[in-house]
Amino acid sequence: MKICYFDAFSGISGDMTVGALLDAGADATALTEALASLGTGAAFRVEKTKRRGIAASKFHVDAAETKSHRHLPHILKMIDAGEIPERAKKRAAAVFQRLGEAEAKVHGVPIEKVHFHEVGAVDSI
């Protein structure tokens, strides 16, 4: 078993995480095809870049979407319909379920009423 440890001492964004995973050997074509299967309408691309002498992959999510508020059932439906491995579907659904439960508790509303704002946006899903 291989283990990957992120020492994100000052944080890390999703595009930075994906770029790092691509540089570690993840298949860019398989990733972009899997993400496209979620039906978000976004386009995905990888750009090779160099900053201060360090080469890296920059992951881009190009979305014309203006709507970023989604409810948990909509996100779970998108995940379930995607052409991604069953294990990935279960993990992604579990993450959004847990986030929904936390949001519901904080806002004192049923989980069905939770609006995912930033996390409901295309680049987060």
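Remarks
- Test: Arg91 is out of contact with any helix residue (DSSP H, G or I) (no Cβ under 6 Å at 6 or more places or on another chain), surrounded by 11 or more Cβ atoms within 10 Å (Cβ to Cβ), in a strand (DSSP E or B) and on the phi < 0 side of the Ramachandran plot: no
- Only one entry in Val61, Val18 is touching a residue at least 60 places away in the same chain (Cβ under 8 Å) and in contact with a strand residue (DSSP E or B) (Cβ under 8 Å, 6 or more places away or on another chain), namely Val61.
- Among the numbered conditions (1) free of Cβ contacts under 8 Å to residues at least 40 places away in the same chain; (2) surrounded by 12 or more Cβ atoms within 10 Å (Cβ to Cβ); (3) part of a helix (DSSP H, G or I), the only one that Ile12 does not meet is (3).
- Residue satisfying condition, being more than 24 Å from Phe6 (Cβ to Cβ), free of Cβ contacts under 8 Å to residues at least 60 places away in the same chain, open to solvent by less than 80 Å² (accessible area, probe 1.4 Å) and not small (Gly, Ala, Ser), within set Ile84, Ile111, Ile79: Ile111
This table checks each residue for (1) closer than 17 Å to Thr17 by Cα; (2) in contact with a Pro (Cβ under 8 Å, 6 or more places away or on another chain); (3) not basic (Lys, Arg).
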position: Val46; (1), (2), (3): yes, no, yes
position: Val61; (1), (2), (3): yes, no, yes
position: Met78; (1), (2), (3): no, no, yes
position: Ala81; (1), (2), (3): no, no, yes
position: Glu86; (1), (2), (3): no, no, yes
position: Lys90; (1), (2), (3): no, no, no
position: Ala94; (1), (2), (3): no, no, yes
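- When residues of the range 114-125 are limited to those that are touching a residue at least 60 places away in the same chain (Cβ under 8 Å) and aliphatic (A, V, I, L, M), the one surrounded by the fewest Cβ atoms within 10 Å (Cβ to Cβ): Val122
- Residue match in the range 90-106 (condition: touching a residue at least 40 places away in the same chain (Cβ under 8 Å), within 13 Å of the chain's Cα centre (by Cα) and within 21 Å of Val122 (Cα to Cα)): no
- Scan of the range 20-69 for residues that are open to solvent by 70 Å² or more (accessible area, probe 1.4 Å), assigned to a loop (DSSP other than H, G, I, E, B) and not small (Gly, Ala, Ser), ordered by number: Asp27, Arg52, Thr66, Lys67, His69
- The residues of the range 106-125 that are in a helix (DSSP H, G or I) and either modelled with pLDDT of 95 or more or touching an Asp or Glu at 6+ places or on another chain (Cβ under 8 Å) (or both) amount to a single one, Ile111.
The values are calculated or read from the model by the stated rules, or taken from the named source; none is laboratory data. Values in this document were obtained by computation on a predicted structure and should not be read as measured data. Every residue, glycine as well, gets a Cβ built from its backbone with ideal geometry; the counts of neighbours run over all protein chains shown. Keep in mind that these areas ignore ligands, DNA and RNA; they rest on the heavy atoms of the full protein, side chains included. Shrake-Rupley method; radii C 1.70, N 1.55, O 1.52, S 1.80 Å.
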